[in-house]
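These notes are about the structure you will find just below.
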Ligand code: UT7
């Protein structure tokens, strides 16, 4: 019998504090930095973002998202034997955010580890969990994307600080005889590591390097549109399916212009592309599971439908997972 993995529950969590573009523009102006809702919305499609409280961490948001996904799946934390957390803003250097979430959920015993692939982290984690389930290494997995990017933003750099938000999304992936995840493709090209990074660390008790996110926005934009197009085609081809078979495209939520350009290149109608960047801004590894959960809960994504999730981000990394819901 061939073993597959299926998404059997989704969940998400957002910090309470909602900051609209108008709020942010006022906060920036108080520091002498000029921006506008017109610029932010016009260039990115972002209208608002949620920002974590001072003591709110990726593990807290991830645990809330995981609990919601478990409830949707009708499963208990003790049913899970694998936890993968995609994050670039872990609580600590170590232990992993996955181990902290496992402790919070009271699900000791199974494997738990973090994946570091920045905004592609969720598809990297999902592809890894799928492979582990299909090879019998795990039966039920939580795959979580959780981020507090507000912690690594330079709030004096208007070119980046307006783009990101905090949040978490999660899925429960379970072994099944019916195919759920149909194909996955993952890629990286480390030659582009400089275009998007937070090149800092701790050394001897002090911060070394530059602990804030820096980005060459236009280089990221061009590369993103190109790889989101190629990896979508590659993943569908692996499953013997065509673009016309897709019910929904869920690209990484960084910029609505990147998503529209990708949709146009692929020939997907705009109403088939799930967009939540307007509500959440770019939440890095959390963006895809947040968008997925939003569209499952508002009734757009229905059981049996075919979805393609696509991540792209720092590294440079990119990848896609094709799934039957
Ligand atoms: O998770 C993946 C990570 N990131 C992405 O996917 C982002 C990819 N890149 C982008 O989305 C776009 O490149 C941005 C939205 C970041 C920037 O858009 P752009 O059209 O490439 O603008 P730009 O960087 O060329 O800046 C244009 C102008 C500049 O002014 P001058 O030099 O033309 O006078 C910037 O200083 O816009 C100015 N600007 C701003 N103005 C008002 C930059 N940030 C702001 C701001 N408010 N917040």
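What follows draws every value from the coordinates through simple rules; no lab data is involved. Not measured: the values here are computed from a predicted model. Please note: Cβ atoms are built from the backbone with ideal geometry, for glycine as well, and neighbour counts cover all protein chains shown.
A few remarks follow.
- Label positions at residue 22 and residue 306, each projected 7 Å from the Cα along the C-beta direction, are separated by 4.4 nm.
- Whole-Å semi-axes of the ellipsoid equivalent to the stretch 4-178 (Cα gyration tensor, √5λ, descending): 34, 15, 14
- Sequence-distant contacts, meaning Cα pairs under 8 Å at least 6 residues apart, place the relative contact order of the stretch 182-324 at 35 percent.
- For the stretch 1-56, convex hull volume per residue from C-alpha positions, Å³: 148
- Listed from fewest to most Cβ neighbours within 10 Å, the set 181, 307 follows the order 307, 181.
- Using a Förster distance of 25 Å, the FRET efficiency for residue 230-residue 178 (Cβ separation, nearest 0.05): 0.30
- Of all DSSP-defined beta bridges confined to the chain, some 75% are antiparallel rather than parallel.
- The stretch 93-108 residues near the modelled residue 71 label - backbone nitrogen below 13 Å, point 7 Å along Cα→Cβ: none
- Gyration tensor (alpha-carbon) shape descriptor, the stretch 83-151, a/c threshold 1.5: oblate
- Between residue 79 and residue 103, the contour length at 0.36 nm per residue exceeds the alpha carbon distance by 7.2 nm.
- Taking every Cα-Cα distance in the stretch 182-324 and sorting them into 5 Å bins starting at zero, the pair-distance distribution P(r) comes out as 2, 10, 19, 22, 19, 12, 7, 5, 3, 2, 0 percent.
- Residues in the stretch 141-163 that a label on residue 55 would reach, taking backbone N under 11 Å of a point 7 Å out along Cα→Cβ: none
- Shape class for the stretch 247-325: rounded, because the ratio a/c of the largest to smallest gyration tensor axis (alpha-carbon atoms, square roots of eigenvalues) is under 1.5.
- Contour excess over end-to-end distance, with Cα ends at residue 216 and residue 156 and 0.36 nm allotted per residue: 20.0 nm
- The gain in end-to-end length when the residue 208 to residue 257 segment is fully stretched comes to 14.2 nm, 0.36 nm per residue minus the alpha carbon separation.
- Note that the chain, at 10 °C in a medium of 1.306 mPa s, gets a Stokes-Einstein diffusion coefficient of 82 µm²/s from its Kirkwood radius over C-alpha pairs.
- By the count of other C-beta atoms within 10 Å, a proxy for reagent exposure, 260, 156, 120, 96 are ordered fewest to most as 156, 260, 96, 120.
- Taking 7 Å steps out from each Cα toward its Cβ at residue 92 and residue 245 produces label points 4.5 nm apart.
- Counting neighbouring beta carbons within 10 Å and listing from fewest to most, the residues 191, 151, 64, 297 come out as 191, 297, 151, 64.
- At R0 = 51 Å, FRET efficiency that the Cβ-Cβ distance of residue 1 and residue 33 yields, to 0.05: 0.30
- Cα-only Debye scattering, the stretch 81-235: base-10 log of I(q)/I(0) at q = 0.14, 0.17, 0.19, 0.21 Å⁻¹: -0.82, -1.13, -1.28, -1.40
- Take every DSSP beta bridge whose two residues both sit in the stretch 4-178; close to 70 percent of them are antiparallel.
- The stretch 94-170 - percent relative contact order, Cα under 8 Å, separation 6 or more: 21
- The chain, helix-only ellipticity at 222 nm - DSSP H runs n ≥ 4, -39,500 (n - 2.57), divided by all residues, nearest 500: -10000 deg cm²/dmol
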